[in-house]
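Before anything else, here's the structure in question.
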């Protein structure tokens, strides 16, 4: 895969960070509380955060939101899920959501590959 | 909770079994294969079936399908998830899907209570 | 199937007719025009009405609306589609929309059976 | 309209209150905070609560959730919106969401009629 | 914000105008009537057009359509809604639709900023 | 229309082919079977494949998935549907799905134009 493709993830992360800053600057109490609630939902509790990240990923896939898929794929990799485990989660999303999920499956697989590649590049640089 | 309420689950399970039989009798190859695929998606593999049942439950909640919620709540209880763990999954679904999920959260909580109650009654009878 | 079940369709049709009358009585120009547009969309044109009823049915199934499914199953039967053809359309909806469509597949199959049964009863009476 | 129909709203309100109590009793911090956030979103602020109830109603209609529609129709009537104004909001929801919204338009109109009727009955009793 | 970003809105408006012309040229009676119905739904009536634009914006956000969000944000600004009022509408959409709406909240906030910036630039040129 | 625009379809087809290869290489039994099921759903059976492609197109439009729309528009053209017939299917999708479908109607019309243009260019070259 080319360097150009690899930056799709970087661009998403930069845009996400920039706009989250902008939204935080708006300082709307309800919106701020929602963002906190969203963050807290994935913290360790009766269910470990790792499991809840996987729940968030499948929810994002069946609701067909590529930005949410990108975010949760990265979180799931960081939480320690293997490719084989993530493919299993992709399959559940595909069966529940149907062929309309296929374009988002392509996106999820590409994001996973790009993120693993980024890690390999970082290791090579070190 | 009254005995009348308790039968909502029984009625759902009877209707589901009866119509699945009817659909199986139609003998459409594509539909039959889809049902197999659906069943297999929740078998133990790189992810345990127990984890995948929880994924199916959250997917059902954010897609707001009460029948699917009933089915997966029962599967999740049978797979050994505790109430505290299921509430955590409900919370992820609520945050991802928003207040439009609340009526389905009510439904999920009621189904969970009814199913636990059924088990208690069975124990009392034995 | 029992007589009690058979009246689910009758009740839906009576409710639909009663509320459509009530909505028509409200006399909101935009709403009235929308209802006209909706009716006209299924008239013979470059595509025959019969084909468009099948499109409406599949759209209703992937959008998971039981009332819309009931309406279009009846229209499709009246337009002359056979059970085998309708099962094919159900299968497309199932594959596109995924397992979340299954409860609506059950509903569609039951509605089709009830409507065919109603016709048989009418023939028996004549 | 019969007394029997009139109780559909009463039953919904009783069920909603009972299950909200049950959910509150579960005492899950995330879920409780979400319910607070949801309530606060409709309080007077830069936009009056009355306007935001109408926004909640249209959101509920295009997302096709009858329980949410019932809740927001009641809130909108209590906030002082007239029938003519609510029909206008229904029309926006219908145009944005399409004919798949029609069954929910029927439900919304019926709920509005039932709630107005309840008020008339209360006045007659006084 | 850079000039490059500012043209995202210009490109959307140019594409929208060009394709609406192309669709109008197709001259399909049903499609033309739908476009008229859509336009008329936001005209002053029992509810002022300004209020209905806000309803259209929230409907677009919970249905998660960026093009529709762009269109309605522009209409809402032109109708005279302030940023503070629009943030309130964004918050209702976020609470109703959940975290899956967040990417569209980012988009809506960016569009609002870009459109306000365009107005400032035009004033500076005059 | 410019050559640059014409390549949007080429890029989609290349990306789709590349990622489908990558997904096939993952070799997940469930995912592979789903892809087979999806392909088979559009083969000639009690309904001709041509009719089912049109069903798939309308389902893709009301579910608002541009990649799925692109795929099915191409399949529908290859299956022999005329522009006039496809406009009729677009109209059904628009009426069922509402104005939220309009951005996808623009996309579908542009894809259809681009694909017809590609065919004309190929004829001119021969």
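The values are calculated or read from the model by the stated rules, or taken from the named source; none is laboratory data. Nothing here was measured: the structure is a model prediction, and the numbers come from that model. A quick note on method: Cβ atoms are made from the backbone with ideal geometry, for glycine too, and the neighbour counts reach across all protein chains shown.
In the list F:77, F:92, F:62, which residue meets the criterion of being within 14 Å of chain D (Cβ to nearest Cβ), at pLDDT 95 or above and over 25 Å from residue A:93 (Cα atoms)?
Being within 14 Å of chain D (Cβ to nearest Cβ), at pLDDT 95 or above and over 25 Å from residue A:93 (Cα atoms) holds for just one of F:77, F:92, F:62, which is F:92.
Output the residues belonging to the range A:70-95 that are surrounded by 24 or more Cβ atoms within 10 Å (Cβ to Cβ) and in contact (Cβ under 8 Å) with a residue 40 or more places away in the chain.
Once the filter is applied, which keeps residues that are surrounded by 24 or more Cβ atoms within 10 Å (Cβ to Cβ) and in contact (Cβ under 8 Å) with a residue 40 or more places away in the chain, the range A:70-95 yields A:70, A:73.
Could you tell me which numbered condition residue B:78 fails, if it satisfies all but one of (1) out of contact with any helix residue (DSSP H, G or I) (no Cβ under 7 Å at 6 or more places or on another chain); (2) under 15 Å from residue D:28 (Cβ atoms)?
Only one criterion in (1) out of contact with any helix residue (DSSP H, G or I) (no Cβ under 7 Å at 6 or more places or on another chain); (2) under 15 Å from residue D:28 (Cβ atoms) is unmet by residue B:78, namely (2).
Has the range C:37-52 got at least one residue that is within 8 Å of chain D (Cβ to nearest Cβ), surrounded by 15 or more Cβ atoms within 10 Å (Cβ to Cβ), touching a helix residue (DSSP H, G or I) at 6+ places or on another chain (Cβ under 8 Å) and touching a residue at least 24 places away in the same chain (Cβ under 8 Å)?
no
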